Amino acid sequence: MPLTNLKCNKCLPERGDHIYIHDAQNPVIPACNIKTLPGDMTERGCAFAGARGVIGGPIVDTIDMVHAPVGCAWYTWGTRRHLSDLYPYVAPGQLANSSFNRRFCVVTDMKEENVVFGGVKKLKESCFESIRLFPEAKAVIIYTTCTTGLIGDDVQAVARQVEKETGIPVFTAESPGCSGVSQSKGHHDFNIQFYRQIRALRERRPELAMQEEEKTPYDVCLIGEYNMDWDLRMIRPLLERLGLRIVSVFTGNERIENLIKMPDVKMNIVHCQRSAEYIADMVKDGYDIPFIRASFFGIEQTSMALRKAAARFGLEEKAEEIIAEETARIEDALDFYRRKLSGKKVAIYVGGPRLWHWIKPMEELGMEVIMGACTFAHDDDYEKINERHKGGMLVIDAPNEFEIEEAIMDLKPDLFLTGLKEKYLIRKMGIPTVNSHSYEKGPYAGFAGFINFARDIYQGIYAPVWKFQDGIAAPGRLAQGGEEK
Amino acid sequence: MSDILPERISIEGYTHKDMTVEKVPASCEFRPRDPHLVPAANRSVVVNPSRTCMPLGAIWAVMGLNRAIPFVQGAQGCTTYVRYTFARIFREPGSVATASFHEDAAVFGGRRNVVDGLRNLVVRYWPSVIGVVTTCSSEIIGDDMENFIKAAKKKLREEIGDERADGIEIVLINTPSFVGSQVEGYNRAAQSFVGSISRKTGKPSGKVNIIPGMIYPGDIREIKYILREMGIEPTVLFDISDTLDAPLHPPKSLPYYPAGGTTIEEIRGMGDATATFAIQTSAGEAGARLLEKKCGVQYLPGPMPVGVAHTDAFVTAVAQATGREIPRSVIDDRGRLVDTMADTLHYTMMGKVAVFGDPDTVIGLTRFVCELGMTPVAVMTGTGTKTFEDNINAILEEYRDIFVEEPKVFNNGDLFEFEEYLRGVKKLNLIIGHSKGVDIAAECGVPLIRAGFPIYDRFGYQKKSIVGYRGSELLLYEIVNTIMGHHYPAAQLEQ
């Protein structure tokens, strides 16, 4: 039976349903996308984090109105590395130090009296004031949170009124933190609500859709790409050289006017298939626009993505030309890193899709994935993981910190790919890490980005620091340093 | 926008240094922000807050206890975002458990989350202490937390026996996020722990209690150093100096707990101490006052010992409360700080500085920059307090005759009004505050000296100290070196 459990869970047998050793002949799907056990040391975030932090945050020209006490807004201010090129002016001829989507944090700052008497008035005033304060913003997105969801403020009514009085589109993303299993629920909420709202907006204001004469046969949207550390600078040119026109990116470095045009393209390319396939599905059902799934991590997968996209438009030859050129460009560097990294064992702990995005690229570097864990993966993510791995990998769904510690002790990987919160724990255990959410020094996507990824992995593994971790090599009792406090 | 990639990508890769990201203006031209809406007092909306929510302060406090785990009765974001913040600041592991609060809890109450959650936590981690921290959601639905914890303890006794269950201290901290800020969250944690654990045996211990507030490991070490030089053993509640600055020694057993932190015995013993100092009054006063009422331990409020006068006040108060002399070594530390102030005065005198952050940090920093002869042209705290303005005005009154400009004080302000004000200040030399001020400083063309909560965009600030004579001297070096580096040509610095 591939399902298994860890020693630390001896009083929690239910965790055994979430943990398995992958067997290619007998693949299993673990219990997943179910509520975290109370008392868990989880890495999971909340639905609000998924909506505001992951999907809404990268949109560059909106006021992100967080209708909440101050904390929810403060924690999502300038934290994720979803970069943008759109900057507000701060003085005549001087642009700000940070892009518009990271420069300002806007919150209704709910207080006790607002909780008791309702926060609608405060929200309405806040929207009007923000529109006056930030005339460069092209739309407002109102996010609800636990507090405003629980007290039941009618934010849609506020959105309608503010839009009517100002003419500025006002969207709502109702995704309180306590709704759903993880941040994945927030991705889903945002996708559904945003799709419905742009659809209604296009009906109300047809002039916002792309006009027929502007359309080309090569129009596409890139969906589920958030421009972490300028990944788009690696991905976009590849597709453009192929001859495609990227009308809109959902949502990395994107303007709201382009997002409204999402249903006007010929095909969608879905990168993160966990957080954004929902909207691709809805666009397909509602507007009969097909989508393809793609991964832009690693040489093989990026090549495959280009071939798949090209095939839809009869651009196969061009795709091969680009792949040959780009592969040649990185050949030497890639060889160097293959020599250095071949045979190393790697563990990966990420949100969901990156585990299966990264199994192949790690193999391309000659490394073996011996352990994988996901924060919020669903059944289809585990199917993809199982398809891509030859077997023998320990897989943990929504791990507790202790489970990670135990797996490291037992498996002793040479490298751990994980996020900011876990990486310091793993380093304390003497294992190098690479930040897999916001990257160390990205971008990591595309051909050239893959060299950055390989470089950061190499730096982690080959840093001299690790040889000092066992303390002073003095004889006998000299270097014991006494008892630990 | 498309990059022209080199023909061959070297092993160094292709990163930001190689890219030129051209900034695209978000509007055709600059338009001043609506002046009526710039002052925070004139609007409902808060823009760029300089404070976050109460649970963070309470969780910070619990992280300073030995083998302790905070348990957050709220949605997963309430733990994850706080852990994320700590990871950014301390670059250390920070274990926080979630109650995994979902819709069902919101409808039926969070009893099961507490009862099962504490059980699940204990049977894997065997902590010595659990700090149960509430949030918006559990406070809004009105969870009866005291009863839930009683039920959880009952369940634990049944499963693991009375002795082991009673050996784990479970302390409740009520922190609805729509009240106060992280500062008050810490304050309430101090009150909760002192209230539920400290005892008076009637046998004085001769120790001194320190409630440090939200200062860094380096600051706590400096406070301990001063007391030890005076021959006093301090009890620091909550002592993050080891737990959030741990060495890399791969653990031999699991789960990983950092060494150090205040023990339950130490908190219990606080009732027999000579006096309690709240280094940051607004983040510790509630605990210190309760201890005075409950056990008769004298409470001595701040001020946070930054600079000469505040540190003088602190060491004098310690000496008076304990009957100990101020030792030569500490007086020499003071002398070295004063010596450095004399050496650096031509670079600091008449300089214009803006200070922002949490109230006690700002009060300490403001007095110190005044002692350096600088003018604090703008002073802002995001966490408003009743006494902030009085405290700041008293300092300003004392030094007004050497100011080059009338200072402006913002109590309960936000960083948006603060930055808009600073844009109008001519020849500003320096901004002192936390990492949320990076953009403001860059846009004003003025260096930022990092101090206070949070600092996440540089290494090592959590290990530095800005308190005591020695910490102040190190801060002064940073101030003066920054001024020299930024405002003076090399030729003027040669002698």
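Which residues, taken from the range B:168-210, are within 14 Å of chain A (Cβ to nearest Cβ), over 25 Å from B:Phe314 (Cβ atoms) and in a loop (DSSP other than H, G, I, E, B)?
If the condition is that a residue be within 14 Å of chain A (Cβ to nearest Cβ), over 25 Å from B:Phe314 (Cβ atoms) and in a loop (DSSP other than H, G, I, E, B), then B:Ile168, B:Asn174, B:Thr175, B:Pro176, B:Ser177, B:Phe178, B:Val179, B:Gly180 are the ones that fit.
Look at A:Val369 and say whether it is part of a strand (DSSP E or B), β-branched (Val, Ile, Thr) and either in the same structural domain as A:Ser303 (by TED's automatic domain parsing) or closer than 30 Å to B:Glu12 by Cα (or both).
Details: part of a strand (DSSP E or B): yes; β-branched (Val, Ile, Thr): yes; either in the same structural domain as A:Ser303 (by TED's automatic domain parsing) or closer than 30 Å to B:Glu12 by Cα (or both): yes.
Yes, satisfied.
Can you pull out every residue in the range A:125-164 that is among the charged types (D, E, K, R) and under 21 Å from A:Ala51 (Cβ atoms)? So that I can check it myself, show each step before the final result.
Within the range A:125-164, the subset among the charged types (D, E, K, R) is A:125, A:129, A:132, A:136, A:138, A:153-154, A:160, A:163-164.
Once the filter is applied, which keeps residues that are among the charged types (D, E, K, R) and under 21 Å from A:Ala51 (Cβ atoms), the range A:125-164 yields A:Lys138, A:Asp153, A:Asp154, A:Arg160, A:Glu163.
Has the range A:341-353 got at least one residue that is more than 14 Å from chain B (Cβ to nearest Cβ) and part of a helix (DSSP H, G or I)?
yes
Scan the range B:423-469 for residues that are assigned to a helix (DSSP H, G or I) and over 22 Å from B:Gln182 (Cβ atoms) and jot them down. Reasoning before the result, please.
Taking the range B:423-469 and keeping what is assigned to a helix (DSSP H, G or I), we get B:423, B:435-444, B:468-469.
Hits for the range B:423-469 are B:Arg423, B:Ala441, B:Ala442, B:Glu443, B:Cys444, B:Gly468, B:Tyr469.
Residues that are more than 10 Å from chain A (Cβ to nearest Cβ) and either farther than 22 Å from A:Ser184 by Cβ or of a type in the set (Phe, Trp, Tyr) (or both): find the helices (runs of 4 or more DSSP H) completely inside the range B:28-131 holding 3 or more of those. Break it down into steps so the answer makes sense when it comes.
On the way: elements: B:54-62, B:76-90, B:103-108, B:111-125.
Result: B:54-62.
When you scan the range B:139-152, do you find a residue that is surrounded by fewer than 17 Cβ atoms within 10 Å (Cβ to Cβ) and on the phi > 0 side of the Ramachandran plot, even just one? Break it down into steps so the answer makes sense when it comes.
Narrowing the range B:139-152 to residues surrounded by fewer than 17 Cβ atoms within 10 Å (Cβ to Cβ): B:142, B:144, B:146-147, B:150-151.
Narrowing further to those that are on the phi > 0 side of the Ramachandran plot: B:142.
Within the range B:139-152, one or more residues are surrounded by fewer than 17 Cβ atoms within 10 Å (Cβ to Cβ) and on the phi > 0 side of the Ramachandran plot.
I need the full set of residues from the range A:115-126 which are without any contact (Cβ under 8 Å) to a residue 40 or more places away in the chain and either touching an Asp or Glu at 6+ places or on another chain (Cβ under 8 Å) or facing chain B (nearest Cβ under 7 Å) (or both), in order please. Walk me through it before giving the result.
Of the range A:115-126, the ones without any contact (Cβ under 8 Å) to a residue 40 or more places away in the chain are A:115-118, A:120-122, A:124-125.
Passing the criteria: A:Val115, A:Gly118, A:Val120, A:Lys122, A:Glu125.
Taking B:Glu420, is it surrounded by fewer than 21 Cβ atoms within 10 Å (Cβ to Cβ), outside any loop (DSSP other than H, G, I, E, B), within 14 Å of chain A (Cβ to nearest Cβ) and in contact (Cβ under 8 Å) with a residue 60 or more places away in the chain?
Details: surrounded by fewer than 21 Cβ atoms within 10 Å (Cβ to Cβ): yes; outside any loop (DSSP other than H, G, I, E, B): yes; within 14 Å of chain A (Cβ to nearest Cβ): yes; in contact (Cβ under 8 Å) with a residue 60 or more places away in the chain: yes.
For B:Glu420, the condition - surrounded by fewer than 21 Cβ atoms within 10 Å (Cβ to Cβ), outside any loop (DSSP other than H, G, I, E, B), within 14 Å of chain A (Cβ to nearest Cβ) and in contact (Cβ under 8 Å) with a residue 60 or more places away in the chain - is met.
Filter the range B:324-339 down to the residues that are in a helix (DSSP H, G or I), surrounded by 18 or more Cβ atoms within 10 Å (Cβ to Cβ) and not aliphatic (A, V, I, L, M) and list them by number.
Step one: of the range B:324-339, the residues in a helix (DSSP H, G or I) are B:328-339.
After this cut, where a residue has to be surrounded by 18 or more Cβ atoms within 10 Å (Cβ to Cβ) as well, the list is B:330, B:333-334, B:337.
Residues satisfying the conditions are B:Asp333, B:Arg334.
Please verify whether the range B:376-389 includes one or more residues that are crowded, with 20+ Cβ neighbours inside 10 Å, among the acidic types (Asp, Glu) and within 25 Å of the chain's Cα centre (by Cα).
Taking every residue of the range B:376-389 in turn, none turns out to be crowded, with 20+ Cβ neighbours inside 10 Å, among the acidic types (Asp, Glu) and within 25 Å of the chain's Cα centre (by Cα).
For A:Tyr337, work out the one condition from (1) modelled with pLDDT of 95 or more; (2) more than 11 Å from chain B (Cβ to nearest Cβ) it doesn't fulfil.
Unmet condition: (2).
Return yes when B:Ala189 is surrounded by fewer than 24 Cβ atoms within 10 Å (Cβ to Cβ), of a type outside the set (Ser, Thr, Tyr), assigned by TED's automatic domain parsing to the domain that holds B:Tyr81 and over 14 Å from B:Val122 (Cα atoms) and no when it is not.
On the way: surrounded by fewer than 24 Cβ atoms within 10 Å (Cβ to Cβ): no; of a type outside the set (Ser, Thr, Tyr): yes; assigned by TED's automatic domain parsing to the domain that holds B:Tyr81: yes; over 14 Å from B:Val122 (Cα atoms): yes.
Answer is no for this residue.
Within the range B:99-122, does at least one residue satisfy the condition of being over 29 Å from B:Arg157 (Cβ atoms) and among the hydroxyl-bearing types (Ser, Thr, Tyr)?
Within the range B:99-122 (the criterion being over 29 Å from B:Arg157 (Cβ atoms) and among the hydroxyl-bearing types (Ser, Thr, Tyr)), the answer is no, since none of the residues qualifies.
From A:Arg245, A:Arg339, A:Arg274, grab the single residue that is out of contact with any helix residue (DSSP H, G or I) (no Cβ under 8 Å at 6 or more places or on another chain) and within 30 Å of A:Arg52 (Cα to Cα). Explain how you work it out, then say what you get.
Working: A:Arg339 fails: within 30 Å of A:Arg52 (Cα to Cα); A:Arg274 fails: out of contact with any helix residue (DSSP H, G or I) (no Cβ under 8 Å at 6 or more places or on another chain).
After applying the criteria, what remains is A:Arg245.
Just checking, which of A:Leu222, A:Leu208, A:Leu232 is over 27 Å from the mean Cα position of the chain (by Cα) and hydrophobic (A, V, I, L, M, F, W, C)?
Just one listed residue meets the conditions, A:Leu208.
Might you let me know whether the range A:9-19 holds any residue that is under 24 Å from A:Ile426 (Cα atoms) and basic (Lys, Arg)?
yes
So, in the range A:146-188, of the ones that are more than 8 Å from chain B (Cβ to nearest Cβ) and of a type in the set (Val, Ile, Thr), which residue ends up surrounded by the most Cβ atoms within 10 Å (Cβ to Cβ)?
So, considering only residues that are more than 8 Å from chain B (Cβ to nearest Cβ) and of a type in the set (Val, Ile, Thr), the one surrounded by the most Cβ atoms within 10 Å (Cβ to Cβ) is A:Thr148.
What residue, among those in the range A:58-78 that are among the hydroxyl-bearing types (Ser, Thr, Tyr) and more than 7 Å from every other protein chain (Cβ to nearest Cβ), is nearest to the chain's Cα centre (by Cα)? Working first, answer last.
Taking the range A:58-78 as the starting set, the residues that turn out to be among the hydroxyl-bearing types (Ser, Thr, Tyr) are A:62, A:75-76.
Remaining after also requiring more than 7 Å from every other protein chain (Cβ to nearest Cβ): A:62, A:76.
Details: A:Thr62: 19, A:Thr76: 14 Å.
So the residue we want is A:Thr76.
Mind listing whichever residues of the range B:265-287 are out of contact with any Leu (no Cβ under 8 Å at 6 or more places or on another chain), of a type outside the set (Asp, Glu) and assigned to a helix (DSSP H, G or I)?
If the condition is that a residue be out of contact with any Leu (no Cβ under 8 Å at 6 or more places or on another chain), of a type outside the set (Asp, Glu) and assigned to a helix (DSSP H, G or I), then B:Arg268, B:Gly269, B:Thr281, B:Ser282, B:Ala283, B:Ala286 are the ones that fit.
Report those strands (runs of 3 or more DSSP E) wholly inside the range A:376-485 carrying at least 1 residues which are touching a strand residue (DSSP E or B) at 6+ places or on another chain (Cβ under 6 Å) and touching a residue at least 60 places away in the same chain (Cβ under 8 Å). Outline the logic, then answer.
Details: elements: A:394-397, A:415-418, A:433-435.
Hits in the range A:376-485: A:394-397, A:415-418.
Determine which member of the set A:Ser84, A:Ser98, A:Ser130 is buried (at least 21 other Cβ atoms within 10 Å of the Cβ) and within 7 Å of chain B (Cβ to nearest Cβ). Break it down into steps so the answer makes sense when it comes.
On the way: A:Ser84 fails: within 7 Å of chain B (Cβ to nearest Cβ); A:Ser98 fails: buried (at least 21 other Cβ atoms within 10 Å of the Cβ).
None of the other options fit; the residue is A:Ser130.
Do you know which residues across the range A:37-80 are modelled with pLDDT of 95 or more, β-branched (Val, Ile, Thr) and either assigned by TED's automatic domain parsing to the domain that holds A:Thr375 or within 25 Å of B:Phe71 (Cα to Cα) (or both)?
A:Val70, A:Thr76
Could you list, in sequence order, the residues of the range A:101-114 that are in contact with a His (Cβ under 9 Å, 6 or more places away or on another chain) and either more than 7 Å from chain B (Cβ to nearest Cβ) or over 19 Å from A:Pro58 (Cα atoms) (or both)?
Initial filter on the range A:101-114 (in contact with a His (Cβ under 9 Å, 6 or more places away or on another chain)): A:101-102, A:107-108, A:110.
Answer for the range A:101-114, where residues must be in contact with a His (Cβ under 9 Å, 6 or more places away or on another chain) and either more than 7 Å from chain B (Cβ to nearest Cβ) or over 19 Å from A:Pro58 (Cα atoms) (or both): A:Asn101, A:Arg102, A:Thr108, A:Met110.
Filter the range A:411-435 down to the residues that are hydroxyl-bearing (Ser, Thr, Tyr) and within 10 Å of another protein chain (Cβ to nearest Cβ) and list them by number. Walk me through how you get there before you give the answer.
Here is the first cut: in the range A:411-435, the residues hydroxyl-bearing (Ser, Thr, Tyr) are A:418, A:424, A:433.
The answer is A:Tyr424, and nothing else.
Counting only residues that are surrounded by fewer than 24 Cβ atoms within 10 Å (Cβ to Cβ) and away from chain B (no Cβ under 14 Å), which one in the range A:31-55 is nearest to A:Gly224 (Cα to Cα)?
Only one residue tops the list, namely A:Cys32.
Within the range A:147-163, is there a residue that is at pLDDT 95 or above, of a type in the set (A, V, I, L, M) and part of a strand (DSSP E or B)?
Looking for residues that are at pLDDT 95 or above, of a type in the set (A, V, I, L, M) and part of a strand (DSSP E or B), one finds none in the range A:147-163, hence no.
Between B:Thr348, B:Thr316, B:Thr366, which is within 27 Å of the chain's Cα centre (by Cα) and crowded, with 24+ Cβ neighbours inside 10 Å? Outline the logic, then answer.
Numbers: B:Thr348 fails: crowded, with 24+ Cβ neighbours inside 10 Å; B:Thr316 fails: crowded, with 24+ Cβ neighbours inside 10 Å.
None of the others qualify; the one that does is B:Thr366.
The values are calculated or read from the model by the stated rules, or taken from the named source; none is laboratory data. Just so it is clear, the structure is predicted and the values come from calculations on it, not from any experiment. Reconstructed Cβ throughout: ideal geometry from the backbone, glycine too, with neighbour counts over all protein chains shown.
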